[in-house]
1. Being surrounded by fewer than 18 Cβ atoms within 10 Å (Cβ to Cβ) and within 15 Å of the chain's Cα centre (by Cα) is the filter; apply it to segment 132-163 and report the residue that is farthest from LEU56 (Cα to Cα).
2. Got a number for residues in segment 103-130 being modelled with pLDDT under 90, surrounded by 14 or more Cβ atoms within 10 Å (Cβ to Cβ) and over 18 Å from ASN159 (Cα atoms)?
3. Enumerate the pairs (first residue in segment 41-58 and more than 24 Å from PHE85 (Cβ to Cβ) and in contact (Cβ under 8 Å) with a residue 12 or more places away in the chain; second residue anywhere and surrounded by 13 or more Cβ atoms within 10 Å (Cβ to Cβ) and among the hydroxyl-bearing types (Ser, Thr, Tyr)) with beta-carbon separation below 6 Å, excluding pairs fewer than 6 apart on the same chain, so at least 6 apart or on different chains.
4. State all residues of segment 59-92 that are polar (S, T, N, Q) and in contact (Cβ under 8 Å) with a residue 60 or more places away in the chain; if no residue qualifies, say none.
5. Would you list the helices (runs of 4 or more DSSP H) that sit entirely within segment 42-97 and hold 2 or more residues that are at pLDDT 95 or above and exposed (fewer than 14 other Cβ atoms within 10 Å of the Cβ)?
6. Identify all residues within segment 11-30 that are of a type outside the set (A, V, I, L, M, F, W, C), at negative phi and in a loop (DSSP other than H, G, I, E, B); write none if there are none.
7. If I go through segment 112-166 residue by residue, how many of them are among the polar types (S, T, N, Q), without any contact (Cβ under 8 Å) to a residue 40 or more places away in the chain and under 17 Å from VAL8 (Cα atoms)?
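The values are calculated or read from the model by the stated rules, or taken from the named source; none is laboratory data. Source: prediction; values computed, not measured. Note that each Cβ is placed from the backbone with ideal geometry, even for glycine, and that neighbours are counted across all protein chains shown.
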Amino acid sequence: MQLQTYNVLFLCTGNSARSILAEAFLNHTSANRKRFTAYSAGSHPKGAVHPLALQLLEQNRIPTAGLRSKSWDEFAAPDAPKMDFVFTVCDQAAQEPCPYWPGQPMTAHWGVSDPAAVEGSEEQQQRAFRDALMVLSRRIERFACLPLDKLDKLTLSKNLRDIGRK
């Protein structure tokens, strides 16, 4: 039996760290099953992926090819892929008005501290990126285990919110 492939968009303000980590992790972990296709974008993209995000992904053997900082406008365009799920992963994006998403995807806020904002030693900055990836990977793994085809919208919405709180 072929499972449906769901499109997932991770949003953040700068689209240089958290949303990129989430996109790469979900695409990597679902590559064999083809259950999800992940994307990321930002309301005010930085224009480049943070070097420590790329370094961390490469250290964890998560492919980085094709990752780029991009505007959420790309995904609100008429020819953009239809999103099934949209997750904000930083506080700024959760408080901003989001563009209209055709098809009314399920949405949830999964706030994660911004590793790119950490000042201090290189080790402290690297630790912040590792922590962000750990939080995101746990949430994504829980999300990927949900029986999406068996849950009604209300139950699914509650589950998505609960994942973001833990």
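1. Applying the filter and picking the extreme gives ARG161.
2. Of the residues in that region, 0 qualify.
3. GLY47/SER69; ALA48/SER69; LEU54/THR64
4. Taking segment 59-92 and keeping what is polar (S, T, N, Q), we get 59-60, 64, 69, 71, 88, 92.
Answer for segment 59-92, where residues must be polar (S, T, N, Q) and in contact (Cβ under 8 Å) with a residue 60 or more places away in the chain: ASN60, THR88, GLN92.
5. On the way: elements: 51-59, 73-76, 91-95.
Ranges flagged: 51-59.
6. First, pick out the residues of segment 11-30 that are of a type outside the set (A, V, I, L, M, F, W, C): 13-16, 18-19, 23, 27-30.
Then drop every residue that is not at negative phi, which leaves 13-14, 16, 18-19, 23, 27-30.
Selection gives THR13, GLY14, SER16, SER30.
7. Matching residues across segment 112-166 total 1.
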